[in-house]
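What follows is one structure encoded as structure tokens, with my remarks underneath.
The values are calculated or read from the model by the stated rules, or taken from the named source; none is laboratory data. Quick caveat, the model's predicted, so the values are computed rather than measured. Virtual Cβ from ideal backbone geometry, glycine too; neighbours counted across all protein chains shown. SASA here: full protein model, heavy atoms, side chains in, ligands and nucleic acids out. Shrake-Rupley method; radii C 1.70, N 1.55, O 1.52, S 1.80 Å.
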Amino acid sequence: MGLLTGKTALITGAARGIGKAIAIKFASEGANIAFTDLVIDENGKATEAEISALGVKCKGYASNAADFAESEEVVKQVKEEFGSIDVLVNNAGITKDGLMLRMTEAQWDAVIGVNLKSAFNFIHACIPVMMRQRSGSIINMASVVGVHGNAGQANYAASKAGMIALAKSVAQEMGPKGLRANAIAPGFIDTAMTQQLSDEIRKEWASKIPLRRGGTTEDIANTALYLASDLSSYVSGQVIQVDGGMNM
Ligand SMILES: NC(=O)c1ccc[n+]([C@@H]2O[C@H](COP(=O)([O-])OP(=O)(O)OC[C@H]3O[C@@H](n4cnc5c(N)ncnc54)[C@H](O)[C@@H]3O)[C@@H](O)[C@H]2O)c1
């Protein structure tokens, strides 16, 4: 019996990277997996097959998490096809970095839309389902920069700080209905997102990490498993920094 046997987890932006690692981890603990991504192409189909091979139900939904109506529709379909939604992971995210002075409105709007509004969209659609179940765990994938800020990432840091405050607010509103909401703040995790960064920035980050290594997607998936499962049944409204000790 796995930690999530019989539960359904909905994970946004999970065709690759951290989201995919979380989906695989949850599936290996018995959860059925509904995941979204902008498109479900060959890569998304391969993720679907890899998870189904673990003996659980899995389906990928093509949807733009920043779009309110599309997100509502996905949640409706997942509820119909899976029967319940026990865990929601708001993981879809993008960066469009630039110094504040040069940041365009388009860079600001895109990052706030995909990172923060998407979390609103999915939480808003999922909480009626979770309230009826009188249980649910919501996990927002924030970032250490949402706690500490970061020069050159004002849009991204603000979106992640927003996701943290959103999780805390939902934890307060929904606790009496049996729902929990928390945030994970990863540090430097080796994925396509961080592979875009220059060697210089990567070296600078590594020198600030007491454990002297970047994190793996598995490091984040393990924390997500803790927050999704009953192992954390008395933990709500928290931000867990998973960053090798970079920020204390
Ligand atoms: N990699 C890191 O170091 C790091 C650190 C802190 C936080 N994070 C956060 O973790 C999450 C996952 O990041 P990752 O490193 O795996 O990135 P990634 O780029 O590998 O994966 C992000 C996924 O989100 C999807 N996506 C993008 N826009 C979307 C949209 N509008 N609708 C639906 N899906 C969309 C992408 O297609 C991709 O599959 C993000 O929220 C990111 O901000 C990552």
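Magnitude of the Cβ-charge dipole of the chain, K/R +1 and D/E -1, about the Cα centre, nearest 20 debye? All intermediate terms of the calculation are to be shown ahead of the outcome.
Values: 23 positive and 25 negative charges, 118 e Å.
Magnitude of the dipole: close to 560 debye.
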Which value, in debye to the nearest 20, describes the size of the charge dipole of segment 53-131 about its Cα centre when Lys and Arg Cβ atoms bear +1, Asp and Glu Cβ atoms bear -1, and nothing else is charged?
180
Tell me the angle of helix 17-28 to the major Cα principal axis of the chain, expressed in degrees between 0 and 90 and rounded to the nearest ten.
30
Starting from the Cα of Glu42, step 7 Å along the direction of its Cβ; do the same at Leu211; then give the gap between the two resulting points in nm.
3.4
Inter-site label distance for Lys203 and Glu70 at 7 Å from Cα along Cβ, in nm
4.0
Set the bar at 32 Å for Cα to Cα. Now go through Lys57/Lys203; Lys79/Lys208; Lys59/Lys168; Lys96/Lys177; Lys59/Lys208 and name every pair that lies beyond it.
Lys57/Lys203; Lys79/Lys208; Lys96/Lys177; Lys59/Lys208
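Short version: what are the Cα gyration tensor semi-axes of segment 8-242, square root of 5 times each eigenvalue, largest first, in whole Å?
Details: eigenvalues 141, 75, 67 Å².
Ellipsoid half-lengths, sorted descending, are 27, 19, 18 Å.
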Percent antiparallel among DSSP beta bridges with both residues in segment 1-147, to the nearest 5?
0
For the chain, longest principal axis from Cα atoms; helix 42-52 axis from its Cα atoms; angle between them, nearest 10 degrees, is 50
Using a 1.4 angstrom probe on heavy atoms only, work out the carbon and sulfur share of the accessible area of the chain in %.
54
Loop-only trypsin sites (Lys or Arg not before Pro) in segment 89-187, please: DSSP not H, G, I, E or B, and at most 12 other Cβ atoms within 10 Å.
Arg134
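Calculate the FRET efficiency for Ala106 and Ala151 from the Cβ-Cβ distance with a Förster distance of 25 Å, rounded to the nearest 0.05.
Working: r = 20 Å, r/R0 = 0.81.
Rounded to the nearest 0.05, the efficiency is 0.80.
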The long-range amide H neighbours of Ile138, using H built 1.01 Å from N in the peptide plane and a cut-off of under 5 Å, are Leu88, Arg180, Ala181, Asn182
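If you roll a 1.4 Å probe over the heavy atoms of the protein chains, what accessible area per residue do you get for the chain, in Å²?
46
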Which whole-Hz ³J(HN,Hα) couplings does segment 166-177 yield from phi under the Karplus relation 6.51 cos²θ - 1.76 cosθ + 1.60, θ = phi - 60°, glycine and proline marked x?
5, 4, 5, 5, 5, 4, 6, 5, 9, x, x, 9
Roughly how many Å is it from the Cα centre of segment 108-125 to that of segment 178-248, as a whole number?
20
Which residues qualify? For Ile240, with a placed amide H closer than 5 Å and at least 5 residues away or on another chain, they are Ala183, Ile184, Ala185
If you take every residue apart from Gly113 with its C-beta less than 15 Å away from the C-beta of Gly113, what net charge results, scoring Lys and Arg +1 and Asp and Glu -1?
-1
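So for the chain, averaging the separation of alpha carbon pairs under 8 Å that are six or more residues apart and normalising by length, what relative contact order in percent results? Mind dumping the intermediate values first?
On the way: 519 pairs, mean separation 46.5, N = 248.
This gives 19 percent for the chain.
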Mind checking which aspartates and glutamates have their C-alpha under 12 Å from Lys25, skipping anything on the same chain fewer than 8 residues away?
Glu50, Glu218, Asp219
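Given the -39500 (n - 2.57) contribution per DSSP H run of 4+ residues, what per-residue ellipticity at 222 nm results for the chain, rounded to the nearest 500 deg cm²/dmol? Walk me through the numbers before you get to the answer.
Numbers: 10 runs with 112 residues, N = 248.
Here the helix-only value at 222 nm equals -13500 deg cm²/dmol.
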Going highest first, how would you order 230-238, 84-92, 212-220 by mean Cβ packing within 10 Å?
84-92, 212-220, 230-238
Write down the Kirkwood hydrodynamic radius of segment 125-193, to one decimal in angstroms, obtained as one divided by the mean of 1/r over all alpha carbon pairs.
12.9
